[in-house]
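The values are calculated or read from the model by the stated rules, or taken from the named source; none is laboratory data. Here the structure is a predicted model, which is why all the values come from computation and not from measurement. Backbone-built Cβ (ideal geometry, glycine too); neighbour counts: all protein chains shown. Note: accessible area is taken over every heavy atom of the protein model, side chains too, but ligands, DNA and RNA are not part of it. Shrake-Rupley method; radii C 1.70, N 1.55, O 1.52, S 1.80 Å.
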Amino acid sequence: MTLASLFHPALAGALIGLSFGASAAPAAPAAVAFDTTPRAGQHQRQLIDIQAVIKMRVEAAPDATDEQRAKIAQATEHFASMGPMKMKLQMDQTMKVGQPDADGWLPLTMTTGSKGGQIDVGGKVSPLPGKVQDLNFIARFNPKDFAFEIQNVQGAPELNDAMRAQGNAMIGEALQLYKTLAQQPLKVGESVDVPMTLALPIPMPGGAGSLQSKLRYTLARVDRGTAHFDLGMAMTMDVNAPLPPQAASAPAGEAASAPAADAAPRVMNVAMAGRGQGTSSLRLADRLPLASHLNMTMTMTMKMPDSSLMHMDMDMDVRAKGQSLAKPAPAKAAATKKN
């Protein structure tokens, strides 16, 4: 989100927005699909607000030595004195879809920008680290088979090749979610469960891990041209990340030797579980995601090679508002004046 992001964040904004008012309430359709498939002429913006509280603690694994336990005790005191870490982030995501080419492909651009963020550690508030810059994807989408291709990434040239490979895989997987939802209309009270497997955005040495998740959409009601859904999410991850071998220690005054060829491989295990609940609304006239709210709780445990266990608990609150930036259709020409 993932993140999305996460989760993949460039896609998470497609689940969120603002309430819609109409002068008259049309009859509710018999069935409604959560259909956010890109369409020609769309120009939409998602304003996303993310808040998270992260608590970390460390403890010794059962096989830790006395020396390791002493070092881990120091780390435990450090995290206890630091207290919870609080993060706030505002993002702006825009998608603009052009007209189809001769083969039916839709050109589109997706822009993600930061509108500011801060982190609070031990009562000390500071801006989020890292250079803030807009990221602009130029891509194309085929609504016939939901194929997707990133053609260029602007704003981070050094990440262009990596973003193409990872972005195509992640967005392609997310589009399969869109496809499944679009093809399963729901009546009020009905639900659809969609499993997803997302490759981790950061390759790990010696292999890669994946995030298993299941999303549930339940149609709660249809009111004044807007469909309201209840959301549920469950996530799990269990990854063994190989680490570089550690050089063998040497007596004082001698250089450390290279790692032995038969040395046992060093591995860090990362396990995560999470659940989330929320709501989302979809304006049916132009398929604009309106107001959405998702609250997630995640726990992560990392088993380190030094026989320590790092635990992280995170509560995340994600809200967004959708806006249509498409220009209204031109008014019909005025009637000719009477003679």
Test: residue in the range 38-45 that is within 27 Å of residue 139 (Cα to Cα), at pLDDT 90 or above, among the polar types (S, T, N, Q) and surrounded by 16 or more Cβ atoms within 10 Å (Cβ to Cβ) | yes
What pairs can you find where one residue is in the range 68-87 and at positive phi, the other is open to solvent by 50 Å² or more (accessible area, probe 1.4 Å), and their Cβ atoms are less than 6 Å apart, with a gap of 6+ or different chains?
-> 83/122
For residues that are open to solvent by 70 Å² or more (accessible area, probe 1.4 Å) and under 23 Å from residue 46 (Cα atoms), tally how many sit in the range 87-126.
-> 5
Residue satisfying condition, being in contact with a strand residue (DSSP E or B) (Cβ under 8 Å, 6 or more places away or on another chain), more than 26 Å from residue 91 (Cα to Cα) and at pLDDT below 65, within set 167, 189, 207 | 207
(1) modelled with pLDDT of 90 or more; (2) under 22 Å from residue 301 (Cα atoms): which one isn't true of residue 242, the others all being true?
-> (1)
Pairing a residue in the range 99-121 that is farther than 13 Å from residue 134 by Cβ with any residue that is among the aromatic types (Phe, Trp, Tyr), where Cβ atoms lie under 6 Å and the two sit 6 or more apart in sequence or on different chains, gives 106/141; 108/141
Would you mention how many residues in the range 55-70 are open to solvent by 100 Å² or more (accessible area, probe 1.4 Å) and either in contact with a Cys (Cβ under 7 Å, 6 or more places away or on another chain) or closer than 21 Å to residue 312 by Cβ (or both)?
-> 3
Extreme residue, nearest to residue 33 (Cα to Cα), among residues of the range 288-312 that are open to solvent by 40 Å² or more (accessible area, probe 1.4 Å), modelled with pLDDT of 90 or more and not hydrophobic (A, V, I, L, M, F, W, C) = 293
